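The values are calculated or read from the model by the stated rules, or taken from the named source; none is laboratory data. These figures come from a predicted structure and were not determined experimentally. With ideal geometry, Cβ positions are generated from the backbone for all residues, glycine too; neighbour counts draw on all protein chains shown. SASA here: full protein model, heavy atoms, side chains in, ligands and nucleic acids out. Shrake-Rupley method; radii C 1.70, N 1.55, O 1.52, S 1.80 Å.
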Amino acid sequence: MATGRGQFSSKIGFLLAAAGSAVGLGNIWGFPTQAANNGGAAFLLVYLVLAFVLAYPALMAELTIGRYARANVITALSQLHPLPSLQKTGFIVGIAALSVAVFILSFYSIVAGWMLAEALSPSAQLLQLHSVAGWIDTQSFSRNGLMCLVMSLLTIMIIARGVEKGIEAWSTRLMPALFLILLGMIGYVLTQTGATEGLRAYLVPDLSRLSDPTLILSAMGQAFFSLSLGVGAMLIYGSYLRDTDNLPRMGAAVTLLDTGFAFTAGLLILPAIYVAQAQGITVFNNEGALIAGPDLIFQVLPALFDRMGVAGSWLALAFFALMSIAALTSAISLLEVPASVAVERWGISRPIAASLSGGGIFAISLIIIWQFDKLFSGVVTLTTVYGQPLLGVALCLFAGWVLHRHLLLKELRNGHPEIEQSFFWKVWPFYVKFICPTLILFTFVQSLR
Ligand code: TRP
């Protein structure tokens, strides 16, 4: 299997690809608004703790299994142990992970398409193409379908080119661009009236919220979604890592980049919301909570950009280009899950594997767009609230119980020969065996009540 398998050519290539997967709509949109509605820095604090204490060990489980098996999620999980029953279980969990990846991508590319539409509409305005802008601005099956198609095609094209020329090359181009746009926008928004109030809402902790159980639940869900866990996306990226790379350090860097990006995005979104308020735009709903979710992105921010004249068109373009890029680098990691299965299990070529899986997922997206009210939120809940945490538990159990301890150690020694003396090795194996699965399950059961 090793022959002809792709590999990341450098540490930074892997880091930007994995961070590209992790940093997405979840960071720029999900995290800041959750923080705003859950006690500002209190949420940030809980999020940081959970990201490192719960999500990082689970991320390490995926990266280690991936690099050990050097295979896609289904093959990897069904080869961790000689016992046939465990192989069968691995196979089934692999199928489940693949299915969840497929359905997450099917709704994610719809949302990515909306972002693209919002980026194209100010571009059309700036080019004086007002009727085009009008069509892009109006929700319709054809508009949503077309935008989703464009995002899907971009995703397929990158995955078709392979690990080094596709995933790595494009992540290395897009991630720095993403960061620069983000910094530029923060610089601009912070000069506007109302911005300091937003910073205060974000950074001054309301510690009374720490006792709120829903805060921990939201923070865990957010951390799992944000680190792209549970579906084998990080597993397959881990499988393309070189043997000379230090896994615990790579995982920690990805976690830091992801949380760092989420934190930085908060420095844009929260001030922007309060700048909008200073301009007379409604930003709080009837219950006094900040408007979050789609309304924030598609009403509050566009209303703000509208009032800023031509500068606003450029800002809207920059912001939604930012969102589209973030969505694209995340989408490629999701498409790599089925594409790698098709390449490695069916022996078909990468371009065909990428087109077949991407095309199939686009067909699912179209059905969701067509029956949006019936399907969309159900698919989101099923995959992110149920699928991801349960699969996260399963992957921890596979790393902790199924993969033999000496094989785990052998794998981690690659790239980190003294691992046995490290703090990581002293706590992590115990952690993925007992603590992580218990904590995730506990939080999950709480969330069902
Ligand atoms: N982490 C990305 C975000 O924050 C989304 C994402 C990419 C994802 N790959 C994933 C979520 C795999 C769950 C599983 O937007």
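In the list 169, 177, which residue meets the criterion of being in a helix (DSSP H, G or I), small (Gly, Ala, Ser) and surrounded by fewer than 16 Cβ atoms within 10 Å (Cβ to Cβ)? Can you show your working first?
Working: 169 fails: surrounded by fewer than 16 Cβ atoms within 10 Å (Cβ to Cβ).
Step by step, each of 169, 177 is checked, and only 177 is in a helix (DSSP H, G or I), small (Gly, Ala, Ser) and surrounded by fewer than 16 Cβ atoms within 10 Å (Cβ to Cβ).
Of the conditions (1) surrounded by fewer than 21 Cβ atoms within 10 Å (Cβ to Cβ); (2) more than 16 Å from the ligand (Cβ to nearest atom); (3) within 21 Å of the chain's Cα centre (by Cα), residue 380 fails just one. Which one is it?
It fails just one condition, (2).
Within the stretch 9-35, restricting attention to residues that are surrounded by 24 or more Cβ atoms within 10 Å (Cβ to Cβ) and more than 15 Å from residue 227 (Cα to Cα), which residue is farthest from the ligand (Cβ to nearest atom)?
Filtering the stretch 9-35 for residues that are surrounded by 24 or more Cβ atoms within 10 Å (Cβ to Cβ) and more than 15 Å from residue 227 (Cα to Cα), the one farthest from the ligand (Cβ to nearest atom) comes out as 35.
Rundown of residues vs (1) open to solvent by 10 Å² or more (accessible area, probe 1.4 Å); (2) modelled with pLDDT of 90 or more, yes/no style:
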position: 297; (1), (2): no, no
position: 313; (1), (2): yes, no
position: 328; (1), (2): yes, yes
position: 367; (1), (2): yes, yes
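May I ask you to verify whether residue 385 is in a helix (DSSP H, G or I) and either within 29 Å of residue 95 (Cβ to Cβ) or hydroxyl-bearing (Ser, Thr, Tyr) (or both)? Talk me through it step by step, then tell me what you get.
On the way: in a helix (DSSP H, G or I): yes; either within 29 Å of residue 95 (Cβ to Cβ) or hydroxyl-bearing (Ser, Thr, Tyr) (or both): yes.
Spelling it out, residue 385 is indeed in a helix (DSSP H, G or I) and either within 29 Å of residue 95 (Cβ to Cβ) or hydroxyl-bearing (Ser, Thr, Tyr) (or both).
Applying the selection to the stretch 222-258, what residues are part of a helix (DSSP H, G or I), open to solvent by 10 Å² or more (accessible area, probe 1.4 Å) and polar (S, T, N, Q)?
222
Does residue 270 satisfy the criteria of being open to solvent by 30 Å² or more (accessible area, probe 1.4 Å) and either modelled with pLDDT of 90 or more or in contact with a strand residue (DSSP E or B) (Cβ under 6 Å, 6 or more places away or on another chain) (or both)?
Numbers: open to solvent by 30 Å² or more (accessible area, probe 1.4 Å): no; either modelled with pLDDT of 90 or more or in contact with a strand residue (DSSP E or B) (Cβ under 6 Å, 6 or more places away or on another chain) (or both): yes.
Criteria not met by residue 270.
In the stretch 45-74, which residues are open to solvent by 10 Å² or more (accessible area, probe 1.4 Å) and more than 28 Å from residue 27 (Cα to Cα)?
68, 69, 70
Counting only residues that are outside any helix (DSSP H, G or I) and open to solvent by 70 Å² or more (accessible area, probe 1.4 Å), how many does the stretch 189-214 have?
As a first pass, look at the stretch 189-214 and keep what is outside any helix (DSSP H, G or I): 190-194, 204-206, 212.
Subsequent filtering for residues that are open to solvent by 70 Å² or more (accessible area, probe 1.4 Å) retains 190-191, 193, 204.
So the answer is 4.
Between residues in the stretch 408-421 that are closer than 21 Å to residue 398 by Cα and residues that are open to solvent by 20 Å² or more (accessible area, probe 1.4 Å) and part of a loop (DSSP other than H, G, I, E, B), which pairs lie under 7 Å by C-beta distance while being six or more apart or on different chains?
414/243
Between residues in the stretch 100-124 that are among the hydrophobic types (A, V, I, L, M, F, W, C) and residues that are not in a helix (DSSP H, G or I), which pairs lie under 6 Å by C-beta distance while being six or more apart or on different chains?
Listed by first residue and then by second, the contacts come to 100/231; 101/231.
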